[in-house]
Amino acid sequence: MTAVESPVYEPGHGLLKGRTAVVTAAAGAGIGGATARRFLEEGARVLISDAHTRRLKEHEAELAGEFGASSVAAQPCDVTDESQVRALFETAAEVHGRLDVVVNNAGLGGTSDLADMTDEQWTRVLDVTLNGTFRCTRAALRLMRADGRGGVIVNNASVVGWRAQAGQAHYAAAKAGVMALTRCAAMEAARYGVRVNAVSPSLAMHPHLVKVTTPELLEELTAREAFGRYAEPWEVANVIVFLASGYSSYLTGEVVSVSSRHP
């Protein structure tokens, strides 16, 4: 299949002007980092978090240099630690005075056949990817409920939550759980004026993925895509911007596939 070239990077249109946002796992060059940048380009003020403190501070400095120190702040957070999650959302309330958008991007993958998978491998992936999303969603809903002005939560799922892939039982189970959590949270949050949706990417290329995935598997996964190429992280971030903006005001409880690989 001949790959279709990546589209032109669209400039910001002020879709999130005046909004405040928290984005987890936003220290790197992946979807979280791209989302933080896109939110800033759309006029939001952003609190980025990550478990990797050094990379987080470096990314904060980079974004502050481009968008101004008043537009971006950083708070280290390991989403498997409830006390750190609470501290992150307390900081968001202190820094911004309110919270409009939360993007739960933190997740952990890995490859292991189920028969050889250890309890630690299974538990670690589930704790970061599913339980971490639960902890952050719970913290966000508590703040938004108390504030009374509504809000938006966007979770990062995966097409693997729909489609089987060898060696991915723990990751697939976690992402399928994120999808179910999204739908249930949306039903409960509607009464507070809070919308909860998820994106479901397939293959969004970034340096860490290259390190943990074989070239052969990357080539195979890329060949499955309708465009014959992987997604750029900012292409997924564009969909997250849509879900965070007023353009999706009547959309909740949905999992939006950013791929041709919806079942």
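The values are calculated or read from the model by the stated rules, or taken from the named source; none is laboratory data. Not measured: the values here are computed from a predicted model. Because the Cβ atoms are built from the backbone with ideal geometry, glycine has one as well, and the counts that use them run over all protein chains shown. Ligands, DNA and RNA are excluded from the accessible area calculation, which covers all protein heavy atoms including side chains. Shrake-Rupley method; radii C 1.70, N 1.55, O 1.52, S 1.80 Å.
The table below gives the values:
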| quantity | calculated |
| --- | --- |
| Inverse mean reciprocal Cα-Cα distance (Kirkwood Rh) of the stretch 113-153, Å | 12.1 Å |
| Average accessible area per residue (Å²) across the chain - probe 1.4 Å, nucleic acids and ligands excluded | 47 Å² |
| Solvent-accessible ranking of Met187, Met144, largest area first, probe 1.4 Å | Met187, Met144 |
| Projected area averaged over orientations for the chain, convex hull of C-alpha atoms, nm² | 13.5 nm² |
| Cα pair distances of the stretch 37-161 binned at 5 Å [whole percent] | 2, 10, 18, 21, 19, 14, 8, 4, 3, 1, 0 |
| Cα-only Debye scattering, the stretch 100-252: base-10 log of I(q)/I(0) at q = 0.17 Å⁻¹ | -1.00 |
| Per-peptide average of other Cβ atoms within 10 Å, ordering 248-256, 17-25 highest first | 17-25, 248-256 |
| Under 20 Å from the Ala87 label point (7 Å along Cα→beta-carbon), backbone N, the stretch 32-57 | 47-57 |
| Portion, in percent, of the accessible area of the chain that falls on carbon or sulfur, probe 1.4 Å | 54 percent |
| Where Asp50, Asp119 fall by accessible area, highest first, once all protein chains stay in place (1.4 Å) | Asp119, Asp50 |
| Inter-site label distance for Thr123 and Glu219 at 7 Å from Cα along Cβ, in nm | 3.9 nm |
| Theoretical ellipticity at 222 nm over the chain - DSSP helices of four or more residues, -39500 (n - 2.57) apiece, nearest 500 | -13500 deg cm²/dmol |
| Qualifying trypsin sites (Lys or Arg not before Pro) for the stretch 125-158 [loop in DSSP, other Cβ within 10 Å: at most 15] | Arg149 |
| Size-normalised alpha-carbon gyration radius of the stretch 86-152, reference 2.2 N^0.38 Å | 1.44 |
| Tyr9-Ala180 FRET efficiency (beta carbon distance; Förster radius 51 Å; 0.05 resolution) | 0.95 |
| Protection proxy ranking of 157-170, 59-72 - average other beta-carbon atoms within 10 Å, highest first | 157-170, 59-72 |
